[in-house]
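Read-outs: derived from the displayed coordinates by stated rules, not from any lab. What you are looking at is a predicted structure, and each value in this text was computed from that prediction instead of being measured. Every residue, glycine among them, receives a Cβ derived from its backbone with ideal geometry; neighbour counts consider all protein chains shown.
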Amino acid sequence: MPLPYLLLDIDGVLIPFPASDGSTPPTHVRHTVLPAGRDPDNPVPIWLNPAHGPLLAAFLTSGLVAPVWCTSWRKDATTIVGPLLGLPEFPYLDLPRPEITTSHPNGYLWKRDHVEPWLGGSAVAWVDDDFTNLDHTWAAERTAKGTPTLLVQPDPHLGLQPEHLTEVITWVSQLPRARVA
Ligand SMILES: [Mg+2]
């Protein structure tokens, strides 16, 4: 089978939510960035865990998965967030900008309407903090029909932990290997 995709979210995964008092985890370093199209007088503070760079980089370049950003940061994931973590360059999904006030306008993660047709029949490990029960049901049904689908859901206040990556690596290691021609 072709390489499984690894879809990677940013907000709530690499950038955990701040605490109610506005504080951010001591593990994370603050940066001020300017997303594409944003007023230069109005940059955005973000916070990233420098340990995530080495943690992710080795796996992303292992050839075991095809990594793709799946985030409302869109291209800025590749030009801002990835480089700040020292990650290798990899593609991003050019998600639309729907006018929605919740990330689950139909009860499931809005990104799925775009991810699903893009995936076609590919296996995927998808890391996002914002899945609902309907997404987990979708993943289970997709897997049951023969397309391995793993959803990994960090706590958005903690973000990505090493065990999440371990979960993906374990999942990949159990997939049928591509046959060498
Ligand atoms: Mg998120």
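At-a-glance table
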{"quantity": "J(HN,Hα) series, region 43-55, from Karplus relation 6.51 cos²θ - 1.76 cosθ + 1.60, nearest Hz, glycine and proline x", "calculated": "x, 10, x, 9, 9, 10, 8, x, 5, 5, x, x, 4"}
{"quantity": "GluC sites (Glu not before Pro) restricted to region 93-179 and DSSP loop, no more than 15 other C-beta within 10 Å", "calculated": "GLU99"}
{"quantity": "Residue-averaged 222 nm ellipticity for the chain, from DSSP H runs of 4+ at -39500 (n - 2.57), nearest 500", "calculated": "-7000 deg cm²/dmol"}
{"quantity": "Part-to-part distance (alpha-carbon centres) for region 125-181 and region 1-59, which is given in Å", "calculated": "20"}
{"quantity": "Options GLY120, SER23, THR137, ranked by Cα towards positive dipole end of the chain, top entry (Cβ charges)", "calculated": "GLY120"}
{"quantity": "Neighbour count of at most 10 Cβ within 10 Å plus DSSP loop: longest trypsin sites (Lys or Arg not before Pro)-free window in the chain", "calculated": "1-144"}
{"quantity": "Spin-label model distance (nm) - ARG30 vs HIS157, 7 Å beyond Cα toward Cβ", "calculated": "2.1"}
